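Just so it is clear, none of the values below were taken in a lab; they were calculated from the coordinates. Please read these numbers as outputs of a predicted model, since none were measured by experiment. Cβ: placed from backbone, ideal geometry, glycine included. Neighbour counts: every protein chain shown.
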Amino acid sequence: MLKLPQICHILLATLVSISFAKTANAEPTTTLSVVVNGIHHQKGEICFRVYASEQGFPMSNSSGSQSGCAKITGNSVKKQFSGLKPGTYAVAVVDDQNGDRKLNKDFFGIPKEGFGISKNPTVSIQTGTPKFRDASFVVNKNTTVNIIMKYSLDS
């Protein structure tokens with residue numbers, strides 16, 4: 001028959017092995033670095049939104065996996081997003097000059113502030129707003145995406 005100290009050791013060993021098993025099965029996470037180039041202004045901030053699906057892409061302020069803003073300090077800004085699950089993502093950015101953290105447009109729907117989208121797709125009156133599939137990319141481990149800021153629609 002097992003004595004009390006032996007039972008305690010077995011119980012402790014079981015609990016430790018269960019906690020290691022849970023840690024080993026934890027879902028891996030990644031880091032996404034987004035670099036925005038071609039910024040025309042030296043004031044305001046660049047606001048980022050990372051989307052894990054086409055839902056709300058690229059205009060919604062409420063959908064998306066992660067978001068945040070970075071103060072403009074030059075003609076390039078970099079922001080990192082940690083804790084993303086490996087998968088397919090797209091990023092939309094805005095050169096937010098008035099602090100409202102959204103892309104302001106004129107009466108015709110043409111952007112009045114700078115904007116950018118991952119994979120830098122053409123954005124024109126003919127092509128319209130880019131689709132998630134045209135801007136998406138795979139994130140696994142550490143991934144860097146470069147976005148060129150646009151201040152007008154493409155010709």
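Structural remarks
- Percent of Cα pairs in segment 83-155 per distance bin of 10 Å, from zero to the largest separation: 18, 46, 28, 8, 0.
- Most tightly packed first, judged by the mean number of other beta-carbon atoms within 10 Å of their residues, the peptides 83-93, 52-62 read 83-93, 52-62.
- Every Cα-Cα pair in segment 30-148 was counted, and those over 26 Å apart are 13% of them.
- Gain on full stretching of the segment that runs from Tyr151 to Lys85 - 0.36 nm per residue minus C-alpha separation: 20.6 nm
- Rounded Å value of the spacing that divides the Cα centres of segment 26-46 and segment 112-155: 13
- In this structure, the pairs whose alpha-carbon distance is over 29 Å, taken from Lys43/Lys85; Lys105/Lys141; Lys119/Lys141, are Lys43/Lys85; Lys105/Lys141.
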